[in-house]
Structures are given as structure tokens and as C-alpha cells.
Amino acid sequence: MERPFAHLSVSARILVFLCLILLVSGVRQPARAQTTAEEYQVKGAFIFHFAQLVDWPAGALNSGSNSINLCIFDDEPGRQELQSTIEGKQVGARAIHVHLLSATQELQGCNILFLSRDESRRQTAILRGLRGIPVLMVGETSNFLSEGGMIRFHLVEGKIRFDINLGAADSSHLKISSRLLLLATSVTYGSDVGQGR
Amino acid sequence: MLAFTGHPTGFAQATDLTQKSIEDLMNINVTSVSKKEQKTSETAAAVFVISGEDIRRTGALNIPDLLRQVPGLDVAQIDGSQWAISARGFNGQYSNKLLVLNDGRTVYNTVFAGVLWDSQNVPLESIERIEVIRGPGAAVWGSNAVNGVINIITKSAGETQGGSVDAGAGDAVTGPETIRYGGKARGLGAYRVYAEGFQAGSLPTHAGLDGQDDWRLVHGGFRTDKSLSAKDSLTTEGDVAQGDAGALATVPVSLQPPVTATVALRNRYWDWNLLTRWKRTISPRSETSLQIYFDRTTRGDTTYSIDPNTFDIDFQHHVAWGSRQDIVWGLGSRQSADGTHPNLRISFTPQKRTTNLFSIYAQDEITILPDRLRLSVGARLEHNGYTGFDLEPSARLAWSLNSKNMVWSAVSGAVRTPARSDRDIRLNYYALPGSIETGYLPILVSFFGNPSEKNERLTAFEAGYRNNWTSSFSLDTAVFYNRYCNLESVEPGATAVEMNPSPPHLLIPTFYGNGMYGETHGAELFANWKAASHWTLSPGYAFLSMHLHTIASSLDISSAAGVEGGKPDHQAQLRSSVSLPKNLQWNVSAYFVNRIPAQSVPAYTRLDTGLTWRAGQRISISAVGQNLFSDHHLEYSGPNSTVLPGLMRRSAYAKISWSF
């Protein structure tokens, strides 16, 4: 009653199927570009949109220069991909300028700060230091929002999603557009609500 | 690891991503050499991912409670420390068709064939995500990934920097008390260390007795992640655990006089493991990984004693070939050795055994039509010490109809290989006094492994449909038809007089056989609906039907009905997650599980709820209530369980986390 070939025949059938598929696929031409891209390039493009959909309070952006400064730590993974995607891109009348940081004391002048998941050690101190200051803080560690960050990236099924901490943005007087809020996976009031006022 | 979609450099360099809308960006598959694993859900398989955020929000105390939210998974707590967890049928205390891996280390017990859930105690806040695949995954993960695979993946040490202290207490548990600290050290890279302890109280049995199944566990461990160069990274992790859990079990306690009694057992175990993984990124299109681990368990009570250990080495190469093929191949070798001590109830012949498993596997994901049609074909060739060579093939097709609709289908083969208990065990089940019919010889009913036990085989046909109607609603469905052969049966043997162990007695033996076959089919549905910006509703439903038969030569009259009826045919769930102002998060989960006819387990609805309050940046407080609908209910009463089942009580606990 044992059926030793039942299993093999299935694998044989799979092989035949595979060969057919390969034959068919060999004559097809690519239809359009693969929608796959390097994670930090896409994150850079997201940050570009964030810059468009966030309003800084009057005087927060340098009136002397025509740039929005995006600060990233020098040694972070993905820094180059992010920088090459976003450097020089125009947001209204201003161009995004990527400013590389090598130590925490250089944070003045940042309008946007991106902290990668490798920065969880520095993160707590940085986020605390920037509380109430109009710097859009974008990060990706799991506790980024609870520590006072504003927008946190996460991956869902290989696609980038983000969460927003509205309380942290409020207490830094950054206005996040409703369009961004609608696209966020979750919106929390964050832990700054009670403390900031 | 299941799916390797897209190509690391497949995207045209000239495209300016900032020209795309946010909605388009949200539809891009991201590739990142270090994060490939996160793309599992794009694959042509029934995948469900529990994220770290879900874990934090639900306030669950252990991994089995977290797994209840996976539609199609059958999770039943047996007593204070034991669970029966399976996908697509065949559930039991030792569910032998579900493979579980913890950071790449298989935790499937090679003696009892199954996962000992009381040993799977990763501190929950260290878990990055849990990926659950229903259906076979043997072509990638190897034998015993027959009905499902669960991958528990912990956060890298870089993501858990700083310290945290957690303390909890409730009417049924004390703890877990967890201390964790992460930092960076010269020469070591990022590291974290943790220690955790908890104690769970005993549950009542059906007869109203105290189950004496209280459970204590202390464990600790570490993980380091170090970048050796721009291309190389090294992860090392290890854990040590000591546990102690009670149970009531009906066992033969003596042959002279022959006595079978329900006794309180004390199961004690020591586990430790050490794993290291070296990853090298040769180029953005090519990456290798070499992983070595050692795992040892010593466990026993007065009825058994085992100490299996496993040494495993695995090499994997992932490479993009041309613009359309994404290949993963690898080889592995595993040595499982164990020692056992004979006992009146459970003994193994031979007492010690070492087996070797060799495997070689390859999977190629071919983009047939870019953005539209992907075919993934793969196979794993294994050689194990019991049954020799096995081929486990798989073909999966994923077809994106448009950006919102995707269908997939798959055909795969998988095997469940014999474990020590299938081949070598002797389990003295029942001892009773003789009568005039036996010539006053005492009677011993015993259960024997079968030295020629074969592989159980599955051929699975699956299909699924995923839909993202809008950004606030998504649907994931899967259907399957499984054909099994050589399923394990229990065959009666010839009654004989046995002299040893003394006194002389009448032996009524039964043996494992491979006399059962059958078909199962079912469907699993899951939806995620963002009803409002602060409110998410997640309904789920699973249906399962099993038809098992015995071959003509089999004399097994009970297994087919027992396995067929040993599952709920319908399971449904509804989960709600609400973000409230003042940093409050409120979760409610209701689970309906239909009756398990063969076990006389009535249908039940389980309601769990949790409220979490982030009180500032460093403190989080949560309160959880479980089983709120009824005073107590039974979840499992399977024939293969060695312990008396307990009743799940209504319970509550509170937990505070402080990070620094």
C-alpha cells in the first residue's frame, strides 16, 4: 500500500512545469522597470516629501540661505544612498542640503534630522536635547516615537510605512499636513503632550 | 528567508525617486542586503507577521499567547506550562509537523518530535518580529516544516541599547521580571545582556483538583552584533535557562504490585545554546552567511530523562543572477546526539543515539514579467540517519494583477522524518492487576517505537489572494488542499508473556506504523481595517476539514478518527486596537474556537484585553485581563498528551517597564 513513486512523480511534474515556464519566460521582453529600490534611496524620497508636507514655524528656517538642512550622521549605513537621492532637491524656493554630522554638538542649523537604527545609543540624548526645537526628527528604531521622535519608518511586507507622533511635532511647533497624517500607519499623541504645555 | 523578491540593484539608477508620489513610494519593494528577511509577506505563501509593535501592544506574557492572533494557527494551552500548537491540523502536545526556529536555530526537539514551548522564552521586548508560515516550507527550511514554520527573530543588539527593567504581577503569575542592558564595547560591537524570571501559578483540572502545574523559569542570555569590516558582520548570541514545572499524569508507578495512578510530576529542565553567524556582503548582488550553533537540553521528571544536543553548521549564498533571477542556495550539516536514562515509564533502545543530517538546497526566484509574474522554484535534498535521502521540492507562482491585487499558488512536497520516539521508545502506559483470564499475571500495556518507521509525506496545493483595496483596508486569504501518505498509525502487537521487568507479566503491546493516509483542506482569511485614524480592527477566520483513512493492512481503529476530530473545524477572531489620547493604547482580542469533538473540548470564546499607558519617555504601564468571558474553560484534552489538562481561568496582571 506504500506508494514510493507518488512523491517522485509530483516532483517530476513540477520540473516539467518549470521547464515550460522557463521556455515561455525566455521569449518575453521586460515590460517595465522593476519597482524595487534600495531602502535608503526610498527613505530619502520619503524625507523629501515630508519636507514638503511639514510647515516649520516662522523663523525656523534660515532666512539668510535658501536651503533646508537635513542632518545625518556620517557613519550611518545607507547614508550615501539617502544623500544621493535627496541632495539639492527643491522644496518650494529652498533646496535640501545634506549636512553630515560627526558629533552631537553640531546639531544647530538642522531642520530635519534622520537617525538610523544604528543610532539607538545616541538617540535618547539627541531627542531629549532637541525637545521643543523645530527640527523634524525622522527615525526608525522601535522606540523612536516614544522617546520624542516625530516620524518613524518601518517596513511592512518589504514596503516602507511610517508612524507619526503628533504630540512631539506640536510641541516643536511643526505643522504636519493632514495628507501625511492620513497616509501614516498610526498616529500617536506621543509622550510630550502632557509635558510640553 | 523564504522569499527573495526583486533584485538588489534591479532598479534603474536614472530614476529620480523624489519625482514619485508618496503613494507610489509606499508601493516600492525595498531591498536592503541586511533586511531581506522582511519581505516574506510578498511571497507566494500564507505568511503572517507579528511585529514588535504588536507584541508591545497586546501585553501578552508569552509566545504561545502571541501566536493566537495568527489566523489558521491552532493554539491551545494544555496546562500551566504546556501548549499544543499547530497549523492545518494534527495538533498535539508534540505537534510534529510544525518547525520553529529562533534566530535561525531550530528548536524542534529531536527526541519527542515537536516543540517544547516551555523552553521558548525569548524576552518579548527583544523580539523584532515573528513570522508564521502556514503550509509547507521544507524546500527552504528542511524536513518537519510540513504544516508550518514559525520564525522568531530578535532585534539586533544595536537596536536595544540602554537599559530596561520590567516587573509584573497578577493573580496567576509573578513576573516576568526582566533586566536588560545594551551598550557598545570596543572589540565586541553592540551588545545586550538580559536576565528574566517568572513564576506561574497552578491551574485547576476538570475534576476540580489542583493541577499542581505551577511553573518557574529563570533564564538569561546575550547577543552581540559587530561589523568586522565594510563587508562583514558577525552576530553571536546565547541563552541559558533553568525551568521547573509540575503536572498531573496518569502513569504506571509500580509493577509489583501493579499500580497505575495519577501522580504529581515535577519536570525540570536546563537548556543552553550558543550561535554565531558571519555574514559577508560580497557585492550588493551577492551575500553569504555562515552559521554555527550548539544547543543542549537536559530534561526529565520521575518518568523520563533525556539530554539531546544538536550541533549545526549551515552555509548560504544569496545571489542575483542577471536581471531576472534571484538565487539562494546552501548546504548544511546537523548532528543530533542524545543520551537517555531508562525508567519504568519511558525508556529508549538504544539508550544513546547520534544521527546526522546533511542537506543541500537551492531556490531560484525568476521574474517572468517584471512587476507582474514571479516564479519561485526550489528543492532541498536531505539525507538523514533514519530514512536516507528525501527530496522536498516546491514551486510557487506570484501574480500581481495590479498594484492592489495579488494572487499566488504553490505546489510543494514535505516530509516529517522519524524522531527518536518514533523509532526507539518504549512507553509503559498502564499497569493493572491480573485476573483469572490472565492466569493472575499482571498486565502491562505498552507502546513501542517502530524501528522501520518511515517518513510521513505531504504534497500540498495552495493558493492565495491578497488585496489592498485602500490604504486603510487589506485582505489576505489562503486556501489549501493537502494529501498525506505514510501518516503515523498505532498498530496492535501480539500479546506475550514478558519476564523482564519482573515480575513476569502479560504484555499488551502496540507499535507505531505508517498505516494512515488522507486529505485535508481549508481556508484562512485575515483582514486589517483602519476604521479610523486611531482605531484598527482585524478580523480573521479559519476553516479546516480532514479526511483520514487507514490502509487495508492497518489494524489501527482509532487514530484516524482521533486526529480527524482532534481539531476545531472553525476558528474566528476579532482584534481591536485603539490609540487613545494621553498615550493610552487599548487592545481587545476575542477568539472563538469551535469544539474539538474527539477530545470532548466544548467550543469556547476567549476574550483578552490590555491597556498600556506610556507615562513619559521612560515608563510604560500595562494592565491585562485574560479569559474574561468565562470563569474557566478547557482548550485541549488530547490523547497524545502525557499530562492532565488544566482549565484556563479568568486572570489579570499588571506590568511596569522602566527604561534608562
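The values are calculated or read from the model by the stated rules, or taken from the named source; none is laboratory data. Owing to the predicted nature of the structure, the values given are computational and were not obtained by experimental measurement. Here the Cβ is made from the backbone with ideal geometry for all residues, glycine too, and neighbour counts use every protein chain on show. Side chains are part of the model used for accessible areas, which takes the heavy atoms of the whole protein and leaves out ligands, DNA and RNA. Shrake-Rupley method; radii C 1.70, N 1.55, O 1.52, S 1.80 Å.
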I need the calculated FRET efficiency for the pair B:A337 and B:L574, taking r as the beta carbon distance and R₀ as 35 Å, to the nearest 0.05. 0.15
Any idea how far the Cα center of segment B:494-563 sits from the one of segment B:264-322, in Å? 28
Fully extended contour minus Cα-Cα distance, from B:A230 to B:S553, at 0.36 nm per residue: 110.0 nm
Before anything else, pin down the relative contact order of segment B:516-598: Cα pairs under 8 Å, at least 6 apart, normalised by residue count, whole percent. 29
Row for segment B:239-324, column shape: gyration tensor on C-alpha, a ≥ b ≥ c, rounded if a/c < 1.5 i.e. under 1.5, prolate if a/b over b/c, else oblate; value prolate
FRET efficiency for B:Q325 and B:R280, using Cβ-Cβ distance with R0 set to 22 Å, rounded to 0.05: 0.60
With the 8 Å Cα cutoff and a minimum separation of six or more residues, chain B has a relative contact order in percent of 12
Rounded to a whole number, what % of the accessible area of the protein assembly as shown do carbon and sulfur atoms account for, probe 1.4 Å? 59
Across segment A:175-181, in residue order, what do the Karplus-derived ³J(HN,Hα) couplings come to in whole Hz, using 6.51 cos²θ - 1.76 cosθ + 1.60 with θ = phi - 60° and x for Gly and Pro? 9, 9, 5, 5, 4, 5, 4
What's the FRET efficiency of B:F294 with B:S472 using the Cβ-Cβ distance as r and R₀ = 60 Å, to the nearest 0.05? 0.80
Kindly provide the helix-only [θ] at 222 nm of chain B, computed as the sum of -39,500 (n - 2.57) over DSSP H runs of four or more divided by all residues, to the nearest 500 deg cm²/dmol? -1000 deg cm²/dmol
Per-residue accessible area for B:D307 at 1.4 Å probe radius, Å² rounded to 10? 40
Over the Cα atoms, compute the radius of gyration (one decimal) and Dmax (the largest Cα-Cα distance, rounded to a whole number) for segment B:194-348, in Å. 22.8, 75
Where the convex hull is taken over the Cα atoms of chain B, what is its projected area averaged over directions, in nm²? 28.9
Bin by bin, in steps of 5 Å, what percent of the Cα pairs in segment B:309-397 do you find, going until the bin that has the longest distance? 3, 12, 16, 15, 13, 11, 8, 7, 5, 4, 3, 2, 0
Within segment A:152-167, backbone nitrogen closer than 13 Å to the virtual label 7 Å beyond the Cα of B:N528 toward Cβ: A:154-163
What do you get for trypsin sites (Lys or Arg not before Pro) in segment B:561-660 restricted to DSSP loop and a cutoff of at most 15 other Cβ within 10 Å of the site's Cβ? B:K582, B:R595
Report ³J(HN,Hα) in whole Hz for each residue of segment B:393-398, in order, from the Karplus equation J = 6.51 cos²θ - 1.76 cosθ + 1.60 where θ = phi - 60°; Gly and Pro get x. x, 7, 9, 10, 10, 10
Need one number: % antiparallel among DSSP beta bridges in the protein assembly as shown, to the nearest 5. 90
Distance between Cα centroids, segment B:44-123 to segment A:146-161: provide it in whole Å. 27
So if I take the centroid of the Cα atoms in segment B:597-612 and the same for segment B:221-237, what is the distance between those two points in Å? 42
Counting other chain Cβ atoms within 10 Å of each Cβ in B:390-399 and taking the mean gives 3
Could you name every residue in segment B:593-623 that has 10 Å² or more less accessible surface in the full protein assembly than in its own chain alone (probe 1.4 Å, ligands and nucleic acids excluded)? B:R614, B:G616, B:Q617, B:R618
Give, in nm to one decimal, the length gained when the segment between B:N356 and B:T174 is fully stretched (0.36 nm per residue of separation minus the Cα-Cα distance). 61.4 nm
Other chains near A:140-150: what is the mean number of their Cβ atoms within 10 Å of each residue's Cβ? 4
Return the Cα extents of the protein assembly as shown along principal axes one, two and three, sorted largest first, each rounded to a whole Å. 108, 64, 49
Separation between the B:H521 and A:A60 pseudo-spin-labels, each 7 Å from Cα along Cα→Cβ, expressed in nm? 5.9
Length-normalised contact order of segment B:416-477, Cα under 8 Å, at least 6 apart, in percent, tallies to 31
Name the shape class, rounded, prolate or oblate, that the alpha-carbon gyration tensor gives for segment B:93-195, where a ≥ b ≥ c are the square roots of its eigenvalues, rounded holds for a/c under 1.5, and otherwise prolate holds if a/b is larger than b/c and oblate otherwise. oblate
Under 5 Å between amide hydrogens, which residues at least 5 positions from B:S533 or on another chain qualify, with H placed 1.01 Å from N in the peptide plane? none
Would you mind classifying segment B:525-660 by shape? Square roots of the alpha carbon gyration tensor eigenvalues, ordered a ≥ b ≥ c; an a/c under 1.5 is rounded, otherwise it is prolate if a/b is larger than b/c and oblate if not. prolate
Once you place label points 7 Å from the Cα toward the Cβ at B:D631 and B:N402, how far apart are they in nm? 5.7
Over segment B:450-581, what lengths in whole Å, largest first, do the semi-axes of the equivalent ellipsoid take, defined as the square roots of 5 times the eigenvalues of the alpha-carbon gyration tensor? 47, 19, 11
Can you tell me the order of B:337-346, A:163-172, B:547-556, B:144-153 when each peptide is scored by its average per-residue count of other Cβ atoms within 10 angstrom, highest first? B:144-153, A:163-172, B:337-346, B:547-556
Two pseudo-spin positions, 7 Å from Cα along C-beta at B:I619 and at B:T349, lie apart in nanometres by 6.4
With 0.36 nm assigned to each residue of separation and the Cα-Cα distance removed, B:T302 to B:S545 gains 83.6 nm
Per residue of A:39-49, other chain Cβ atoms within 10 Å number on average 6
